[in-house]
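Every number in this text was worked out from the coordinates using simple rules, so none of it is lab data. The structure displayed is predicted, hence computed values, not measured ones. For neighbour counting, all protein chains shown are included, and Cβ atoms are generated from backbone atoms with ideal geometry for every residue, glycine included.
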Amino acid sequence: MRTFIFLGGGMSDKSFYRNHIRASKAAGDTIICANGGYRVASSLGVRPDIVIGDLDSVSENKIEDGIEVVRYPQEKDFSDFELALQRAVDSGTESVFVYGALGGRPDHQIINILLLSNSPVPATFIEEHALLYNVSDSLNITGRNGCICTLLTLGYGCRVRQMTGFRYRLDNEELFPSSRGLSNVIESDNAHIAVSSGTLIVIVIY
């Protein structure tokens, strides 16, 4: 089972999200809307399984019947996205795809990337011209030959065991929070990154 999460922000045309989820979602996958993400999903004709958050951006009486609603108080310790991500993890999801994590308030974007880095399951932020992955084991990137790719790590660093298909490669090398991994270039239709410790954020601009 995989989980698709809609947030209320986003830097892409909303039709991009609709086309992506229609092409990607399979039977058994779950859709979660974090607060105002419900307005985005419903405008695209996408019916979620769960709406979660403080509902300050959507009225509960506007949510379709039959959709599970998990409401939290506005004064809470976690963002609506973190609550949605934790719900997905608790449900046993294999991986998470997130729409609308970028393009909103700068503080929200930074926190969303921090949550991506700390996700215990593989997660991907999906925008029309950018993909962000968290990598704690390995990642294959297909069909992105010629794209810019930035590697970054948060916290105590990450050991990159192997890279193939990139212009600049790290070979069993520690990457610390810095600009060292900025603006690499993918030079293969099948690029690969393997990590032996820590978590790497991989940003592909296409």
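Here are the numbers for this structure:
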item	result
Three-way shape label, the stretch 104-167, alpha-carbon gyration tensor, a/c 1.5	oblate
F97 long-range amide H proximity, modeled H, under 5 Å	T3, F4, I5, T124
Considering only the chain, percent of DSSP beta bridges that pair antiparallel, nearest 5	60 percent
Fewest-first ranking of C147, C158, using other Cβ atoms within 10 Å as the exposure measure	C147, C158
Helix 80-90 axis, angle to the chain major axis (alpha carbon atoms, nearest 10°)	80 degrees
Most mobile listed residue (G146, G100, G45) in the chain, GNM with C-alpha springs under 10 Å	G45
C-alpha long axis of helix 106-118 to longest principal axis of the chain, angle in °	70 degrees
Rounded Å value of the spacing that divides the Cα centres of the stretch 92-125 and the stretch 140-178	19 Å
Gyration tensor verdict on the stretch 2-128 (Cα atoms; rounded if a/c is under 1.5, prolate if a/b is larger than b/c, oblate otherwise)	rounded
